[in-house]
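Here's the structure, in structure tokens; my notes come after.
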Amino acid sequence: MSETQRRLGDIGFAGDDDVVPFEVAALDVRGRIVQLGPMLDQILARHAYPEPVARLVAEACLVTVLLGTSLKFEGKFILQTRTDGPVDMVVADFSTPRSLRAYARFDAERLAEAVAAGEAAPGQLLGNGVLALTIDQGEHTQRYQGIVPLDGTDLQEAAKTYFRQSEQIPTDVKLSVGKIVLPGNGGSHEHWRAGGLMAQFLPKATERTRVPDLPGGDDPLAAPQEVADAAWQELLALVATVEHEELLDPKVGSERLLYRLFNEHGVRVFDATPVEDRCSCSEERIRGILDGFTAEEITDSTEDGIIRVNCEFCSKAYAFKPEEFLTQA
């Protein structure tokens, strides 16, 4: 329904693949919520990942769109893991205003061993390493990057650690990934879905965000302390009641779930940001990279008289004739 057709009192719900910003003024909380449906299904189906890997990629997509859609400038938000686990790399990047792409690299043999041993939880598949969260505003600007250690933790906990350490903003994050069966041509089929909620405590009085005195001084291994403010503690208690199925269920939706959580305090939602499965690769961009190769690199990249390049994100294949670049090298 268009804006001109909407009648007084009608409410437009965001639906799938739309990130909804919200505010709970009574609790000094702002946040974002999203349900990913067809877009996520397309990304995962393109690569035919094993289910445990698909779940990791879906979680990466959730964190990336929740953070990326908050950018107020033209640029990119990039999430990337580098670890020693069976899934040694997961990458998701969001280009403003709405383009998302993602992929994972994994060792099929190690993954099968982990699944057989019952060690296929997201944190176990990632293993030890780092999570890098990067904001890139393009050429002639300096990248901002936050690094979070991964030591068997999943992306949900790593995202909380990022905000606690890098942004120093009390933040709660909840992610859910799963499959649902939907009717379609020729019968019912399974489809991937994911839901994510991020809530941040942003009171005007900054002293309210201080944590209690830490036991043991500045010990980096000390357990993280939680902000004691009553409003923040209530927010944590409310978010803890969210069931994973609620974040996934298209019949609940983002706005209805927010109402369920915060109707006693009042919640305000803002215009949603749609996100799309769109890769930034192009023949022109790849050609520009090859233009910078030396003659030796061009020769090494040639097989059967052709330079072939496959995009790891969207799986699109490109082919070039080496002589186009040898004359310039």
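Of note:
- Members of the range 265-279 that are more than 17 Å from the chain's Cα centre (by Cα) and among the charged types (D, E, K, R): Arg268, Asp271
- Screening Thr64, Thr81, Thr69 for residues that are within 23 Å of Leu36 (Cα to Cα), hydroxyl-bearing (Ser, Thr, Tyr), surrounded by 22 or more Cβ atoms within 10 Å (Cβ to Cβ) and in contact with a Phe, Trp or Tyr (Cβ under 6 Å, 6 or more places away or on another chain) leaves exactly one candidate, Thr64.
- The set of residues in the range 96-143 being among the hydroxyl-bearing types (Ser, Thr, Tyr) and touching a Leu at 6+ places or on another chain (Cβ under 9 Å) consists of Thr96, Thr134.
- Residue list for the range 82-111, filter: in a loop (DSSP other than H, G, I, E, B), touching a residue at least 60 places away in the same chain (Cβ under 8 Å) and in contact with an Asp or Glu (Cβ under 7 Å, 6 or more places away or on another chain): Arg98
- In the range 18-38, the qualifying residues are those that are outside any strand (DSSP E or B) and in contact with a Lys or Arg (Cβ under 9 Å, 6 or more places away or on another chain), and the one that is farthest from Val239 (Cα to Cα) is Gly37.
- When Cys311 is tested against the conditions (1) in the same structural domain as Ala92 (by TED's automatic domain parsing); (2) surrounded by 16 or more Cβ atoms within 10 Å (Cβ to Cβ), the lone failure is (1).
- Being buried (at least 17 other Cβ atoms within 10 Å of the Cβ), in a helix (DSSP H, G or I) and either assigned by TED's automatic domain parsing to the domain that holds Phe320 or at pLDDT below 90 (or both) holds for only one residue in Arg287, Arg208, and it is Arg208.
- Matching entry among Lys179, Lys174 (being part of a strand (DSSP E or B), surrounded by 12 or more Cβ atoms within 10 Å (Cβ to Cβ), in contact with a helix residue (DSSP H, G or I) (Cβ under 7 Å, 6 or more places away or on another chain) and in contact (Cβ under 8 Å) with a residue 12 or more places away in the chain): Lys174
- Any pair with Cβ under 6 angstrom, 6 or more apart, that starts in the range 255-267 at a residue that is in the same structural domain as Val34 (by TED's automatic domain parsing) and under 15 Å from Val20 (Cα atoms) and ends at one that is among the acidic types (Asp, Glu) and part of a helix (DSSP H, G or I): Leu257/Glu246
- Selection within the range 7-36 - modelled with pLDDT under 95 and small (Gly, Ala, Ser): Gly9, Gly12, Ala14, Gly15
The values are calculated or read from the model by the stated rules, or taken from the named source; none is laboratory data. As the structure is a prediction and not an experimental result, all values here were calculated from the model. For neighbour counting, all protein chains shown are included, and Cβ atoms are generated from backbone atoms with ideal geometry for every residue, glycine included.
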